[in-house]
Structures are given as structure tokens and as C-alpha cells.
Amino acid sequence: MKRTGLQVRQILTVLLVNIVLSACAPQSSAPTVDVVSTVAAQLVADILTQTAGAATATPSLPTETPTPAFTDTPTPTFPPSQINPPRLIAQTGCWTGPGDTYTLISNIELNAKGRKNVIILGIGSVPGWVVIRNPYFNNPCWVPLTAMEIDPNMDMTQFPVMTPGP
């Protein structure tokens, strides 16, 4: 039988009170048996030597999955036959704002062909920077335009101008 921490403390308290009271009681010549203390001591010994039962799986309650903030920016789609997807052509950092004065989220590695396709989310308010969806963490981050190859047929005016956060 499992006992809670409160039950164990209550049993130990009863045992301690009985020991103190029996020590303070007047001593008689005839030996007496302290039944309450004996039972309490046996109970404590049983509790301390019991092994815990195997934990049973408790089903977890369903939780609502939060929607990432970047999903409110629509991602433009292009016919693959007409426009090449934007891609990184140089390894670069991906920051929370334009440059290394902002927090570095990750470094983006190129594939074996020396490129990495990315999704543009917006044009940076600082010239020479583009906001993309980080390919590793799926959050917005800033990369330099010099590290990118963008199809000249892509209409860049369709993207919002984005400013860095604090």
C-alpha cells in the first residue's frame, strides 16, 4: 500500500510523541509494554522497507498547439517552370536583425551543390538585407542579400518591408 509523504510524517509524529511521553512517565517496577509505540515502530519499519510499485502511465491531457507567429505572412508561390526559387549561394549567419549586432540564430550551411533553397518572407528595412524563413528552426531571420541568388523574374515588390525587432 502506498503512503503519501503526509501520512509518513503523521506516523513519525505519533511515534515521536509516544516515545517522549513514555520517557517522561513515572517508572513502575513492573515492566509495561507500550503497544502504540510498538505498532508505530513496526509501521515505520514496514514503510521504510517497502519497494515502490511500478509507475502507471497517466494519459496526458490534450494541449493546444500554438500557431507560429510567422504564418500570418503569406508565402508567395511561383510556377516552378517560370521562376527559380531563391537560394543562398554562400554560407552565412541568420540573425534576428540586419547584421552581427543582432542575435545570431544559426549558421546556414549549403548543400553539396553549394546552395540552399530558402523562402523569402520580406525585404529588410535596412538596404542589402532579406528576411527569410530559417531552414532549421522555421522562424524569420535576416540574411545579407549578397549571400543570395534571386531570379530576376521574381517580383520583389510583392514582399512586405520588415523592420528588425528589439
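Where a number appears in this text, it was derived from the coordinates with a stated rule and is not lab data. On a predicted model such as this, the values are computed, not experimentally measured, just so you know. As a convention, Cβ positions derive from the backbone with ideal geometry for all residues, glycine included, and neighbour counts pool all protein chains shown.
Could you line up 9, 87, 115 from fewest to most neighbouring Cβ atoms inside 10 Å? Mind dumping the intermediate values first?
Values: 9 11, 87 18, 115 15.
Ascending Cβ contact count within 10 Å gives the list 9, 115, 87.
Which order do 104, 12 fall in if you start with the one that has the fewest other Cβ atoms within 10 Å?
Working: 104 11, 12 14.
Fewest to most other Cβ atoms nearby, the residues stand as 104, 12.
Give the shape of the stretch 78-162 as rounded, prolate or oblate, defined through the alpha-carbon gyration tensor: a ≥ b ≥ c are the square roots of its eigenvalues, a/c under 1.5 means rounded, and otherwise the shape is prolate if a/b is larger than b/c and oblate if not. Verdict is oblate for the stretch 78-162.
Spin-label pair residue 39-residue 83: with each label point 7 Å from Cα along the Cα-Cβ axis, the two points sit 8.4 nm from one another.
Couplings 3J(HN,Hα) of the stretch 140-148, computed from phi: x, 8, 9, 10, x, 4, 5, 8, 10 Hz, in residue order, whole Hz [Karplus 6.51 cos²θ - 1.76 cosθ + 1.60, θ = phi - 60°; x for Gly and Pro].
Multiplying the residue separation of residue 7 and residue 125 by 0.36 nm and removing their Cα-Cα distance gives an extension gain of 36.1 nm. Under a 5 Å amide H cut-off, with hydrogens placed 1.01 Å from N, residue 106 pairs with 94 among residues at least 5 apart or on other chains. Sorting 132, 119 from the fewest to the most surrounding beta carbons within 10 angstrom yields 119, 132. The HN-Hα couplings worked out from phi for the stretch 149-166 by the Karplus form 6.51 cos²θ - 1.76 cosθ + 1.60 (θ = phi - 60°) are 10, 10, 4, x, 7, 6, 7, 6, 6, 6, 8, x, 7, 10, 10, x, x, x Hz, whole numbers, x standing for Gly and Pro.
Label sites at residue 111 and residue 136, each approximated as a point 7 angstrom past Cα along Cα to Cβ, lie 1.8 nm apart. Checking every one of the chymotrypsin sites (Phe, Trp or Tyr not before Pro) in the stretch 78-166 against DSSP loop status and a limit of 16 other Cβ atoms within 10 Å picks out 102, 136, 137.
Each label was represented as a point 7 Å from its Cα along the Cα-to-Cβ direction; for residue 19 and residue 145 these points are 8.0 nm apart.
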